[in-house]
Ligand code: 4NP
């Protein structure tokens, strides 16, 4: 684990579509803000079905169209140790948030919430699961994650409110 001051964990169900996309996008936002030494980024799934696998090829392709490289990421399952390691644990939807709340120790002092709490302008609270959905689902996931990443970065770096808008 890095010595970064703030550690962020994105969580979805399989860790092959939404949360690796969030990891790749947010890591690039952090890097472009020269904050990689201060903010560490990871992702995991509440299910273990895809442990060790690369992200879904549709997620890799949609991200690559916007110059995010997800190809080196590998899926892993959430562990109880994650609550000791991460300051922000951000769920893609209500179902995964419920699982995290069940696993969360009573003395966890970090921030556990939905990712889209950092993107009030999205007009929705969940990042829809694109796995069985329409072809444009992965681009929609990227739109939501880019908007939330801007708000999250502002919140962590103390530059104002979390009601971000996506970069133009
Ligand atoms: P994710 O999407 O939670 O965004 O990674 C899914 C990936 C796999 C499955 C469901 C959702 N699955 O049923 O295998």
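The values are calculated or read from the model by the stated rules, or taken from the named source; none is laboratory data. Remember, predicted model here, so these are calculated numbers, not experimental data. We place every Cβ from the backbone using ideal geometry, glycine too, and count neighbours over all the protein chains shown.
Structure notes:
- Scanning the stretch 113-133 for residues that are more than 15 Å from the ligand (Cβ to nearest atom) and touching a helix residue (DSSP H, G or I) at 6+ places or on another chain (Cβ under 6 Å) yields a count of 4.
- Where a residue in the stretch 44-59 is more than 18 Å from residue 142 (Cα to Cα) and more than 10 Å from the ligand (Cβ to nearest atom) and its partner, wherever it lies, is modelled with pLDDT of 95 or more and not in a loop (DSSP other than H, G, I, E, B), with Cβ under 6 Å and at least six apart: 48/77; 51/77
- Any chance residue 75 is surrounded by fewer than 17 Cβ atoms within 10 Å (Cβ to Cβ) and closer than 19 Å to residue 20 by Cα: no
- Test: residue in the stretch 86-106 that is surrounded by fewer than 13 Cβ atoms within 10 Å (Cβ to Cβ), more than 17 Å from residue 42 (Cβ to Cβ) and touching a helix residue (DSSP H, G or I) at 6+ places or on another chain (Cβ under 7 Å): yes
- When the stretch 6-37 is limited to residues that are more than 9 Å from the ligand (Cβ to nearest atom), touching a residue at least 60 places away in the same chain (Cβ under 8 Å) and assigned to a loop (DSSP other than H, G, I, E, B), the one that is nearest to residue 109 (Cα to Cα) turns out to be 35.
- In the stretch 38-55, the residues that are in a loop (DSSP other than H, G, I, E, B) and buried (at least 22 other Cβ atoms within 10 Å of the Cβ): 46, 55
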